[in-house]
1. Which condition from (1) surrounded by fewer than 13 Cβ atoms within 10 Å (Cβ to Cβ); (2) farther than 30 Å from residue 24 by Cβ is the one that residue 234 breaks?
2. State whether one or more residues within the stretch 130-139 are closer than 16 Å to residue 37 by Cα, in a helix (DSSP H, G or I) and either under 21 Å from the mean Cα position of the chain (by Cα) or modelled with pLDDT under 90 (or both).
3. Among the numbered criteria (1) within 30 Å of residue 128 (Cβ to Cβ); (2) surrounded by 21 or more Cβ atoms within 10 Å (Cβ to Cβ); (3) more than 25 Å from the chain's Cα centre (by Cα), which one does residue 218 miss?
4. Out of 178, 242, 203, I need the residue that is of a type in the set (Val, Ile, Thr) and in contact with a His (Cβ under 9 Å, 6 or more places away or on another chain). Which one?
5. Answer yes or no: is there a residue in the stretch 394-411 that is under 46 Å from the mean Cα position of the chain (by Cα), closer than 25 Å to residue 371 by Cβ, modelled with pLDDT under 85 and surrounded by 11 or more Cβ atoms within 10 Å (Cβ to Cβ).
6. Could you go through the stretch 57-67 and let me know if any residue there is under 30 Å from residue 191 (Cβ atoms) and buried (at least 20 other Cβ atoms within 10 Å of the Cβ).
7. Within the bounds of the stretch 26-49, is there any residue that is under 17 Å from residue 114 (Cβ atoms), part of a loop (DSSP other than H, G, I, E, B) and at pLDDT below 90?
Amino acid sequence: MNYDQWKKGERSAVSLFLDPQNPRIPPAAKPFTEPELIEELALHDDVYELSKKIAANGFFPSEPLVAVKENDKLLVVEGNRRLAACKLLLNPRLAPESLKSRFENLSATFDHNLLKKVPILIAPSREATIPLIIARHTASQIATWKPAMQAHFYHTLVQRGLSLEEVAEKFHLTPGEIKDELVSHNLYTMACRLDLPTATAEIVRDPRKFKLTTLTRIFETPAGREFFGVKFEDDGTIVGTIDQNEFTKGFSKVVSDVALGEADSRKLNSPEEIKAHLDKYNPSEMPDLKKKGHFDSTTFMVTTARQRRQSHKKQKPTPTKTSTPKGLFPRNLICNIQNQRVQDLFTELRRLYPSSFPNSCTCAFRCFLELSVSCFLDAKGEIAKMKAEELAAINKYNANVPSGKPQKTLPAHWTPELSDMLKWIADPKRNVLSQGHITRALSQAIHDERDLISLNLVSHNPAYPATESRLRESYARLEEFLKIILA
């Protein structure tokens, strides 16, 4: 591979994107979004330590990120942890809640201009990057990857068109060893699809915590495969010869045992110990091998569109009670502000679903909040007071302006900004609200990234995404305040 022919350049970290196929990212029903990728790496892969190094020393030009162009985006296929570190230095609000204050402190003293020109190599294709990734990871980093990550990496190469023999040759392994890695990948993917209790599922879906080698060891034994009614194909596909529901009973049990430490490498060192462990399962947890069927690791727990349609035809959905309304506003929220635009926005935010239209709902809620607060303050005569104070401040400034220099003026159609209006209400000296606890909560919301700042970022920053969960959290923290000003 002649790397001299690869295009070298510099790009802003904001214009680069993380790779959803990064082996460090656990399997999911749908690809992770960019913020989800950043959060996943920040939580589990020491991105904060990388951020500290970059903040102290800058981005070394001798260690360029490696990117490929896909769907008109530059995806970084090598250097995702470093890119995540850069993005969090630029926008610490993307950090997980537990790390947000740390990244904010780093970002506050860091020169953001240093990340406007990050060195990159642009590869002609993903396939072209394989030798480079092999060279970087086999000698050092692959040892730090957890088994599920390493297995995912091999699986990605095969999915890209390499044969088991080609992958084995590049890694100085045997085709049989690559097959074992693919079996591990398929076992882990199947485990992640199980419907498990939340606490157990969180362990299973974190490749850094789940002991995949223990699960693989169980299935490597003839007794294990016989117990679960499965066999392995030459390409690593796991094929079941029994009813899928019967397999799921036992598979859910063994995956839970591994996740919770009931089954580990110390207890399952031999085929005899593995068989003894499985024989202790209750009858309700044992697969019934007499119930024949067929499934494989690609179809396990995956419902086809046809199956979903048939299911809907057979069963009419029954209404379920839920505390979360489909629209943003619950039915018990009343708006008595006599302003047509406020009423229109109120109605639309009840009908528009944040799950389907997070951007529209977030922008509409930001607008609704500002108009509602303005109407509330105007009705109480507070807008006039704000205008008088603003005019007084301008006059004070102009009194010190040298003769002949331009002076400030108050625009003819001056209106206060949302942040200024909320600060005015939250100021206990103003005594706008009699409910002290709501005033204190509002003061906190003003400074909380997830509320006002988040709404502003969605409206003004194209790199900051709107999400349903963030919008509903913002509304929840402002709900009591809204009930008062809308009454």
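The values are calculated or read from the model by the stated rules, or taken from the named source; none is laboratory data. Just so you know, these numbers come straight off a predicted model, no measurement behind them. Virtual Cβ from ideal backbone geometry, glycine too; neighbours counted across all protein chains shown.
1. (2)
2. Initial filter on the stretch 130-139 (closer than 16 Å to residue 37 by Cα): none.
Within the stretch 130-139, not a single residue is closer than 16 Å to residue 37 by Cα, in a helix (DSSP H, G or I) and either under 21 Å from the mean Cα position of the chain (by Cα) or modelled with pLDDT under 90 (or both).
3. (1)
4. Testing whether each residue is of a type in the set (Val, Ile, Thr) and in contact with a His (Cβ under 9 Å, 6 or more places away or on another chain) leaves just 242.
5. For the stretch 394-411, residues under 46 Å from the mean Cα position of the chain (by Cα), closer than 25 Å to residue 371 by Cβ, modelled with pLDDT under 85 and surrounded by 11 or more Cβ atoms within 10 Å (Cβ to Cβ): present.
6. In the first step, residues of the stretch 57-67 are kept if they are under 30 Å from residue 191 (Cβ atoms); the result is none.
So far as the stretch 57-67 goes, no, none of its residues is under 30 Å from residue 191 (Cβ atoms) and buried (at least 20 other Cβ atoms within 10 Å of the Cβ).
7. First, pick out the residues of the stretch 26-49 that are under 17 Å from residue 114 (Cβ atoms): none.
No, there is no match, as no residue in the stretch 26-49 is under 17 Å from residue 114 (Cβ atoms), part of a loop (DSSP other than H, G, I, E, B) and at pLDDT below 90.
Let's see how each residue does on (1) at pLDDT below 90; (2) touching a helix residue (DSSP H, G or I) at 6+ places or on another chain (Cβ under 8 Å); (3) assigned by TED's automatic domain parsing to the domain that holds residue 350:
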{"site": "228", "(1), (2), (3)": "no, yes, no"}
{"site": "233", "(1), (2), (3)": "no, no, no"}
{"site": "262", "(1), (2), (3)": "yes, yes, no"}
{"site": "319", "(1), (2), (3)": "yes, no, no"}
{"site": "322", "(1), (2), (3)": "yes, no, no"}
